[in-house]
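Since the structure comes first, as structure tokens, the remarks are kept for the end.
The values are calculated or read from the model by the stated rules, or taken from the named source; none is laboratory data. The shown structure was predicted, so the numbers you read here are calculated from the model rather than taken from an experiment. Positions of Cβ are generated from backbone atoms using ideal geometry, with glycine treated the same way; all protein chains shown enter the neighbour counts. Each accessible area value is taken on the protein alone, full model and side chains, heavy atoms only, with ligands, DNA and RNA left out. Shrake-Rupley method; radii C 1.70, N 1.55, O 1.52, S 1.80 Å.
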Amino acid sequence: MIAAAKHVAAVPAPMKIAVAQINATVGDLAGNVERILGAVERARSAGAALVVTPELALCGYPPEDLLLREDFMEAVERSLADLAARSQGVTLVVGHPRGAAGRRFNSASVIAEGAVLGVYDKQRLPNYTVFDEERYFEPGTAPCVHAVNGVAFGVNICEDAWGAQGPETARGARGGGESRGEGAVADAPQAARAAGARVLLVLNASPYHVGKQAVREDVMRARVGETGMPLVYVNLVGGQDELVFDGGSFVLDRTGALTHRLPAFEEGLALVTLADGDPLPGGIAPPLGPEAEVYGALLTGVRDYVGKNGFPGALIGLSGGIDSALTLAVAADALGAARVRAVMMPSRYTAAMSREDAAAEARLLGVRYSEIAITPIFDAFRSALAEEFRGLPEDITEENLQSRIRGTLLMALSNKSGAIVLTTGNKSEMGTGYATLYGDMAGGFAVLKDLNKMLVYRLARYRNLLGPVIPQRVIDRAPSAELRPGQTDQESLPPYPVLDAIMEAYVEGDVSPREIIARGHDRADVERVVSLVRLSEYKRRQSPVGIRITPRGFGKDWRFPITNRFRHRFD
């Protein structure tokens, strides 16, 4: 492999390479092979000599404990052989897991004319935030360089190029720490350069969070500055459980200038012409605005979770409030109105405007809508419990009963129809436990799980700019669970701007309570929020998986014990 680079011509002829931004599904080996072959066919027809795919494109990312199954690894090997036999007429770089001598590697193979010409094993294994690669893989130690049409290409995989920066910069950019494999090679991009590479190919499965694309481009531009090599960054796209991969694959020339960028949240194939080993300017998809970016992530997460898991559609319990309104809009936009059903379940405490607004939302989006009154069911529960509750005042028990009745009805409809229930709770509520276990938390997928309340309002306004679907008074009115007369959220929680700022610092930034107070927040508010976050851990552990859009969501990123007697100092 490395020897091939020694025969590179002084001035190679222009050539085309194809950047294949594909939506792989974890475990769908046959489907992923066909997706890759589709990209190969389009690239070959356009005259490309080289096709590059994302990290672990053959099996999807992250495969997690599938990697521990011998039959899975054997199936991957067979699928790789099938792909090699059928990808003729181009050189293909494909990401896949590889087993060798009882060890596993996160690898990329260089394939041409039915043969594997070389293999690269990822050298830096990320083990922070949502990444857990040290559980599965061993680090590689050697560079991989291969010449195509006289141009020597070096291969890196994701963290190899990210990890070349110092640990502190890495934490700031990615929210993580160091990765295993740093002792194996000081700098994987530089090692590829030293082995003869003149263009660096970086295969990625880089999950989305707000603002991630700009960070990626800045970090890779630094790699170009250090190596003097043009860089091709190909990223996965699509939803996988709580993770969303946003694509945004791009190419930088040897000066670090951006020459190509694929659209976010879409599959695509970019054709890049290299002249004298440097990419010529091509198509650059414009960056999305912050609200459009998050909304795109939600659409991708819902579409792929529902579609890849084979659900015929989705159910949403409408309340007339902002959270369920936004969830309904996302579901309809992601799946199409015909696959979405909305159900309003009013009680004696439900305001008339809530019923009116819920019906208006469904009508504006064109989804099926129905109402099921819960008052008779609630009365039956209270009657059944009357003897047990004799002499006890009404409290949160009766409030939660109403929520659990609604959850039961939605799950019954789900069982009958096969449609998945989309829950509507946001991060502000999930963080503080302002949700009912087995009630409004009952469902299969939590669309807004990683969005704080203020971002929910911003997205509602953004969606209305695309076409009015959320009545303005839903945005303007004080949020309420409507489980007792005159109830509002702010009776139980600090004002949402205050709550969200404290939560962002404590949950996403790991800032100590003392430092949060030092930043100007009221001590009583900080103590209250931190206490609620700790006390609600048992609830969050039982909540449905939901879309991650921040550097730290309540999912893979958040691993705190439920039984926990540690208490922060506030002074």
| request: Write down the percent of antiparallel bridges among all DSSP beta bridges whose residues are both part of the chain, to the nearest 5. | output: 60 percent
| Cα convex hull of region 47-141: how many Å³ per residue? | 99 Å³
| query | What is the extension gain from GLU527 to PHE381, computed as 0.36 nm multiplied by their sequence separation minus the C-alpha to C-alpha distance, in nm to one decimal? | reply | 48.9 nm
| field | Accessible solvent surface per residue of the chain, calculated while the other protein chains remain in place, 1.4 angstrom probe, Å² | value | 39 Å²
| note | Here the equivalent ellipsoid of region 13-89, derived from its Cα gyration tensor, has semi-axes (largest first, whole Å) of 26, 12, 9
| Carbon and sulfur atoms: what percent of the 1.4 Å accessible area of region 425-468 do they account for? | 62 percent
| said: Please list, short to long, the whole-number percent of alpha-carbon pairs of region 225-321 in consecutive 10 angstrom bins beginning at zero. | reply: 15, 34, 27, 15, 6, 2, 0
| field | Relative contact order (%) - criterion: Cα under 8 Å, at least six apart; region: the chain | value | 12 percent
| query | For labels at ILE284 and SER370 in the simple 7 Å Cα→Cβ model, what's the distance in nm? | reply | 5.3 nm
| Dipole magnitude (debye, nearest 20) for the chain, charges at Cβ of Lys, Arg, Asp, Glu | 320 debye
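Kirkwood hydrodynamic radius (Cα pairs, Å) of region 397-552?
16.8 Å
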| Modelled label-to-label distance, ILE396 and ALA338, 7 Å Cα→beta-carbon offset: nm? | 4.5 nm
| task | Just need the relative contact order of region 202-251 here, percent rounded to a whole number, with Cα pairs under 8 Å and 6+ apart. | result | 44 percent
| said: Need one number: nm distance between label points at ARG363 and SER492, each 7 Å from Cα along Cα→Cβ, rounded to one decimal. | reply: 3.1 nm
| query | So in region 1-139, what percent of DSSP beta bridges are antiparallel if you round to the nearest 5? | reply | 75 percent
| Farthest toward positive dipole pole in the chain [+1 Lys/Arg, -1 Asp/Glu at C-beta], among PRO551, THR408, LEU298 | LEU298
| To the nearest 10 degrees, how steep is helix 396-417 against the longest Cα principal axis of the chain, on a 0 to 90 scale? | 50 degrees
| request: Whenever you get a sec, compute what percent of the accessible area on region 312-405 sits on carbon and sulfur atoms (1.4 Å probe). | output: 55 percent
| field | Intensity falloff of region 313-356 expressed as log10 I(q)/I(0), Debye formula with alpha-carbon point scatterers, at q = 0.21, 0.22, 0.25, 0.34 Å⁻¹ | value | -0.65, -0.70, -0.83, -1.19
| said: Normalised radius of gyration for region 485-571, please: alpha carbon Rg relative to 2.2 N^0.38 Å, two decimal places. | reply: 1.14
| query | Leaving out ligands, DNA and RNA but keeping every protein chain, what accessible area does LYS427 have, in Å² rounded to the nearest 10, with a 1.4 Å probe? | reply | 10 Å²
| task | Within region 362-452, list the chymotrypsin sites (Phe, Trp or Tyr not before Pro) lying in a DSSP loop whose Cβ has at most 14 other Cβ atoms in a 10 Å radius. | result | PHE389, TYR438
| query | In this model, which of LYS449/LYS539; LYS449/LYS556; LYS212/LYS449; LYS212/LYS308 are farther than 21 Å apart at the alpha-carbon? | reply | LYS212/LYS308
| query | Roughly speaking, to the nearest percent, how much of region 509-571's 1.4 Å accessible area is carbon and sulfur? | reply | 50 percent
| note | At 20 °C in a medium of viscosity 1.002 mPa s, region 338-407 has a Stokes-Einstein diffusion coefficient, with Rh taken as the Kirkwood radius over alpha carbon pairs, in µm² per second, of 156 µm²/s
| Using distinct alpha-carbon pairs, which all enter the 1/r mean, Kirkwood radius of the chain in Å | 25.4 Å
